[in-house]
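Novice: Before I ask anything, let me first share the structure, which is written out below as structure tokens.
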There are 2 protein chains.
Amino acid sequence: MSSLIPIAHLERFRETAASLIPQLIERREAPKSIIRFDPCATTYLRYKPSSLFPVEELESRLWGKGDEFIIDFESHRTGYFSFDLAGEGDSVGDAPTRLRLVFGEVPGDVVETLDPAKSKSWISTSWYPDEIINIDECPSSVNLPRRFAFRYVRVQVLCGSKSYKIRFLNVKATAISSTASLPPPYQTADDLLRRIDQTSVITLRDCMTTIFEDGPRRDRRLWLGDLRLQALANYYTFKNYDLVKRCLYLFAGFPREDGSVPAAIFERPVTRRAGDYILDYDVLFGVTVLDYVEASGDKATGHDLWQTVVNSTRNSVSSISADGRFTPNKNVWVFLDWQEGLDRTTGAHALIVFALKAVNQLASLLGYPAIHTDVITASSETLSSAFDAEKGVFVSGPKRQVSWASQAWIALADIVPPERAKVALVNAYNDPSATKAMTPYLFHYVTEAFARVGAKEEAMSLLLNYWGGMVQNGADTFWEAYDPADSMFSPYGDHLNNSYCHAWSCTPAYLLRSGLIPTGN
Amino acid sequence: MSSLIPIAHLERFRETAASLIPQLIERREAPKSIIRFDPCATTYLRYKPSSLFPVEELESRLWGKGDEFIIDFESHRTGYFSFDLAGEGDSVGDAPTRLRLVFGEVPGDVVETLDPAKSKSWISTSWYPDEIINIDECPSSVNLPRRFAFRYVRVQVLCGSKSYKIRFLNVKATAISSTASLPPPYQTADDLLRRIDQTSVITLRDCMTTIFEDGPRRDRRLWLGDLRLQALANYYTFKNYDLVKRCLYLFAGFPREDGSVPAAIFERPVTRRAGDYILDYDVLFGVTVLDYVEASGDKATGHDLWQTVVNSTRNSVSSISADGRFTPNKNVWVFLDWQEGLDRTTGAHALIVFALKAVNQLASLLGYPAIHTDVITASSETLSSAFDAEKGVFVSGPKRQVSWASQAWIALADIVPPERAKVALVNAYNDPSATKAMTPYLFHYVTEAFARVGAKEEAMSLLLNYWGGMVQNGADTFWEAYDPADSMFSPYGDHLNNSYCHAWSCTPAYLLRSGLIPTGN
């Protein structure tokens, strides 16, 4: 393909990305309390903490085989865990100490059984956040080399010497992030909104390392769909433009063989593109570049990445016929959300139109001619005709499915006038048989769609109920998935493999601070 | 106590010990075969190996969750284990790999369940030789930081990614020892004797690191009782006089507060004495110095350590009354062997006489006056009178117990003429109700006693049946404990916590190569 970017350019993109690797900033944090959890039927997260003993006594306590305790750092972090092990008794150090350490984002992590053999998860249970370590010498300084995402650490003494007991000294977490300090708090008289914003900011912070990670507990990759939402929240909080730029250059530096943009990038052990490809993520690349150029004013990057933006539209455009019908290749992954049974035809088609319009906004900003205008026009006609006058909603697929996803992307793509889009959104939202959103990723676009079509109250209501619900149900950071009715819900078949600090859930700070959802301040 | 050694001298002793730390020599070793074990009722060690696939195929095989294999290095070593992990498939490295590695000296180690919670061991199960490791990146080089004693490595893939399989490359063991090469083989036409000697030499090699360890699997400390036997075997094999000297200076450098010699020394994390004290080990210090001076000709060390030797006799001597009765303090540990119910009075008393005589031999060699001659004389009379004329054996304690231990030490201490000692030894040995030896430590002294009183055939028979039995039953190195009738026997309540390469079992090379047990070569 003639528009493939020459390898020398790709190498320059990679060098640019590498030159923008941020210095990680460390925060040393001490345990705040030592607790135990007991089952609790009236708590959403299923367990109620109580103090085991005052944290000041931790260094004087002695432990032996079978003993255990839970450290509560009383906040979420991405980082490391370390301690010094001392002994007291005859022959200190005459046998190793075997510890199990479990790193918990939520209580269930440090209470329930993490057994890979019994898990029903269809993603890898090797992400379970536990370690069994053997420490030969006592005293010893123990710095766990692996990184974890945690508020709680369960410490279990699996075995030790019969002739001495152990003591934990200098227990600490070393949190890391590429952001130094938190932005000023969002000004609001509403305590729940303040907490929603704060939780959103902490979520974003703990996903910002040398890339924008999708989640520090699991996967830890740079995903394009997550990046767009993180970048938006970042522009209104940390304003770390260079980290967004680095991530854009990573995607541009590692295109797929056909020139399209991969769904994700691996940073380690060597930087490279992941095997995954998602059609709707690909076409969101241009949107993410537009957002960046608008927020930062850095048009040079826009010019540098323009050809990649053009290439990122090609697979989407080639899935749309001349008469504006969207028929993606059966083997291609179209995401929108993890919701099972979601018919993605109308939602993804509208998303493509939304993205192509953004690409042309970028073209205009940079002085390039508009592209794919025929596709936009034909698609808009087809999508308009997906309106079911009887139900008052846009439908999707041969079974004419009513879903939140379809209405949200129709609204965001500006296919019909806002007032019509609003009615469709409200109708679908109030239809109990509609296919709803499953993850905060789609919840964000639904909430943003409400806000953009002027349904500010509905947007605020979603914000308060969904993200506010998480906060009220005990979230320190926003979760990858949230079902108000079931705290053990998981898109992966195992809630113990859920991520509880997830990039795509961090958008309330964007929705609030941008004014998209006004609070009257 | 006026004879306590000044701290400045102790510091000099410690410096001398430190100056003699040997360089460890590494041997890189590749897997020899890939096997599985199946239960086998006719094999002493309970399992029969069979090939899983040719070792040449290891690097091309792919593995996923639930897969496992056993690497057989086909010989025993003390050392480290490393490999490179590679992946094959989509999104290599998208999830960590969780492996369990079990290091086995014998088949049971890598077949049976190592569960600390269920173990009946009264010593620490934290010595179980297994590790669970999580490897975040793929490809990765994995060097396990802990040291193991092993012939077999069981590799279990507990979990991994769904999108790629793993491959093990460059699997190797890095064996360490302070000895470079093996001594020339013992010349004999008897294949079993040759194998006994060879196994003994390998056992000693794998216990020789920067100290003489009691066993590389567990404990790994310098114990005085083990040191004496290792040093004797060493004089006839590796001839590493400096390592013995270092160990003697370690004991001399870290005496107990009363001047006596501790039972054991810890090398790490800082060199220090262990809390353990064994009366019979203490008094064997002088014997070990005598053996060393005689073997090496290094009289200067003998002079330097003379005061420590004198101090090492004091607790023993003070346990003996003027009329030659031995009544050790009830709280003091008198060892001789792990045999339960063994009455140690006569055996330990005779051991003390044996040791005091050696101390006086050392005194004579160095030009000092003999010490404790009155104790030797009075004790010899008391011990002679412990002879039960009816049974033809020396008895011990108020219940007049007949044991191998009593006869062995009476013989070695030269209390009665050799022909009388021989009769007593043979009588006890043939008495089914006699209290026998449990560990190779006492088996050694019984065998040596037979040899020293001229019962060469009995000595040879013990050698062939006991150590030869281990060899015929599959020993690559000599075991800490051996019951020909029960491969699951353990002095610690759990055979999975036994050490299968144990210092005190390495003496056949000494017994054969010194000519104590002649083979007619």
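The values are calculated or read from the model by the stated rules, or taken from the named source; none is laboratory data. The structure displayed is predicted, hence computed values, not measured ones. Cβ placement follows ideal geometry from the backbone for every residue including glycine, while neighbour counts extend to all protein chains displayed. To get the accessible areas, we keep the full protein, side chains included, count just its heavy atoms, and leave off ligands, DNA and RNA. Shrake-Rupley method; radii C 1.70, N 1.55, O 1.52, S 1.80 Å.
Novice: Any chance you could tell me what percent of the C-alpha pair distances in the protein assembly as shown go past 40 Å?
Specialist: Beyond 40 Å sits 54 percent of the P(r) for the protein assembly as shown.
Novice: Using a probe radius of 1.4 Å on protein heavy atoms only, what is the accessible area buried between chains A and B, both sides summed, to the nearest 100 Å²?
Specialist: Adding both sides of the contact gives about 3100 Å².
Novice: Using the Cα centre as the reference, give the magnitude of the dipole from point charges on the C-beta atoms of the protein assembly as shown (Lys, Arg: +1; Asp, Glu: -1; all else neutral), rounded to the nearest 20 debye.
Specialist: Using Cβ point charges on Lys, Arg, Asp and Glu, the protein assembly as shown gives about 480 debye.
Novice: Right, another one. Once the Cα atoms of helix A:191-207 and of chain A are each reduced to a long axis, what angle between those two axes, in degrees from 0 to 90 to the nearest 10, is obtained?
Specialist: The angle comes out near 80 degrees.
Novice: Would you please give the residues with an amide H less than 5 Å from that of B:Arg221, counting only those at least 5 places away or on a separate chain, with H modeled from the backbone geometry?
Specialist: Long-range HN contacts for B:Arg221: B:Asp214, B:Gly215.
Novice: To continue, here is another question. Under a point spin-label approximation (7 Å from Cα along Cα-to-Cβ), what is the B:Asp483-A:Leu365 distance to one decimal in nm?
Specialist: 8.0
Novice: Mind checking the dipole of chain A: about its Cα centre, +1 per Lys or Arg Cβ, -1 per Asp or Glu Cβ, Debye to the nearest 20?
Specialist: Computed about the Cα centre, the dipole is about 340 debye.
Novice: If I model a spin label as a point 7 Å beyond the Cα along the Cα-Cβ vector, how far apart are those points for B:Lys399 and B:Thr42 in nm?
Specialist: 4.1
Novice: Sort out for me the Cα centre separation of segment A:225-287 from segment B:456-483, rounded to whole Å.
Specialist: 67
Novice: State in Å² the accessible area per residue of segment A:29-176; use a 1.4 Å probe, count heavy atoms of protein chains only, and round to the nearest integer.
Specialist: Here the per-residue accessible area is 38 Å².
Novice: Would you mind calculating the gained length between A:Ala30 and A:Glu419 on full extension (0.36 nm times residue separation, minus the Cα-Cα distance), in nm to one decimal?
Specialist: Full extension from A:Ala30 to A:Glu419 adds 134.8 nm.
Novice: Got the relative contact order for chain B handy, in percent, Cα pairs under 8 Å and 6 or more residues apart?
Specialist: Contact order relative to length: 17 percent.
Novice: Under 19 Å Cα to Cα from B:Lys48, which lysines show up? Leave out anything in the same chain fewer than 8 places away.
Specialist: Straight-distance partners of B:Lys48: B:Lys32.
Novice: For the pairs A:Lys162/B:Lys120; A:Lys299/A:Lys422; A:Lys118/A:Lys162; A:Lys436/B:Lys165, flag any whose C-alpha to C-alpha distance is greater than 24 Å.
Specialist: A:Lys299/A:Lys422; A:Lys118/A:Lys162; A:Lys436/B:Lys165
Novice: Here is a follow-up. Note the angle between two axes, namely the Cα long axis of helix B:299-318 and the longest principal axis of the Cα atoms of chain B, as a number of degrees from 0 to 90, rounded to the nearest 10.
Specialist: It works out to around 70 degrees.
Novice: Set the Förster radius R0 to 41 Å, insert the Cβ-Cβ distance between A:Lys299 and A:Leu144 as r into 1/(1 + (r/R0)^6), and round the FRET efficiency to 0.05.
Specialist: 0.40
Novice: Mind running the shape call on segment A:191-513? Use the C-alpha gyration tensor, a ≥ b ≥ c as the square roots of the eigenvalues: rounded below 1.5 for a/c, prolate if a/b tops b/c, oblate otherwise.
Specialist: rounded
Novice: Could I ask something else about it? Hey, quick one: spin label on B:Arg12, modelled 7 Å out along Cα-Cβ, who in segment B:287-322 has an amide N within reach, i.e. under 14 Å?
Specialist: B:300-308, by backbone N distance to the label point.
Novice: Can you list the residues in segment A:106-143 whose accessible area drops by at least 40 Å² when all protein chains are present, compared with the chain alone? Use a 1.4 Å probe, heavy atoms only.
Specialist: A:Pro116, A:Ser124, A:Ser126, A:Trp127, A:Ile132, A:Asn134, A:Asp136, A:Glu137
Novice: Using a Cα-Cα cut-off of under 18 Å, which aspartates and glutamates could be cross-linked to A:Lys391, ignoring same-chain neighbours fewer than 8 residues away?
Specialist: Counting by Cα, and skipping residues close in sequence, A:Lys391 has these aspartates and glutamates nearby: A:Asp343, A:Glu419, A:Asp431.
Novice: Which trypsin sites (Lys or Arg not before Pro) does segment A:361-401 hold that lie in a coil by DSSP with at most 12 other beta carbons within 10 Å?
Specialist: When the trypsin sites (Lys or Arg not before Pro) of segment A:361-401 are filtered for loop state and at most 12 Cβ neighbours within 10 Å, A:Lys399 remain.
Novice: What residue among B:Gly367, A:Leu462, B:Ser119 has its Cα farthest toward the positive end of the dipole of the protein assembly as shown, where the charges are +1 on Lys, Arg and -1 on Asp, Glu, each on the Cβ?
Specialist: So the residue furthest toward the plus end is B:Gly367.
Novice: Nothing charged except the Cβ atoms of Lys and Arg (+1) and of Asp and Glu (-1): what's the magnitude of the dipole of segment A:230-290 about its Cα centre? Round to the nearest 20 debye.
Specialist: The dipole magnitude comes to about 300 debye.
Novice: To continue, here is another question. What FRET efficiency do you get for A:Asn329 and A:Ser51 if R0 is 60 Å and r is their Cβ-Cβ distance, rounded to the nearest 0.05?
Specialist: So the FRET efficiency works out to roughly 0.55.
Novice: Once the dipole of segment B:185-330 is set up with Lys and Arg at +1 and Asp and Glu at -1 on Cβ about the Cα centre, which of B:Tyr236, B:Leu224, B:Ile265 lies farthest towards its positive end?
Specialist: The Cα lying farthest towards the positive end belongs to B:Ile265.
Novice: Let me ask something else about it. Calculated from DSSP H runs of 4 or more alone, at -39500 (n - 2.57) each and per residue, what is the 222 nm mean residue ellipticity of chain A, nearest 500?
Specialist: So the helix-based figure for chain A works out to -11000 deg cm²/dmol.
Novice: Which angle from 0 to 90°, rounded to the nearest 10, does the C-alpha axis of helix A:279-296 make with the longest principal axis of chain A?
Specialist: Tilt relative to chain A: about 90 degrees.
Novice: Per residue, how much accessible area does segment A:272-385 show when a 1.4 Å probe rolls over the protein heavy atoms, in square angstrom?
Specialist: I get 38 Å² per residue for this part.
Novice: Rounded to the nearest percent, how much of the accessible area of chain A (1.4 Å probe, protein heavy atoms only) is carbon and sulfur?
Specialist: Summing carbon and sulfur atoms, their accessible area is 50 percent of the total for chain A.
Novice: Same structure, new question: Which whole-number percent of Cα pairs in segment A:146-193 have a distance greater than 14 Å?
Specialist: Of all Cα-Cα distances in segment A:146-193, 74 percent exceed 14 Å.
Novice: Further question: Identify the trypsin sites (Lys or Arg not before Pro) of segment A:123-220 meeting these criteria: DSSP loop state and at most 15 other C-beta atoms within 10 Å of the C-beta.
Specialist: Here the sparse-neighbourhood loop sites are A:Arg146.
Novice: Calculate the spin-label point distance for A:Arg268 paired with A:Ser318, positioning each point 7 Å from the Cα along the beta-carbon direction, and give it in nanometres.
Specialist: A separation of 3.6 nm, rounded to one decimal place.
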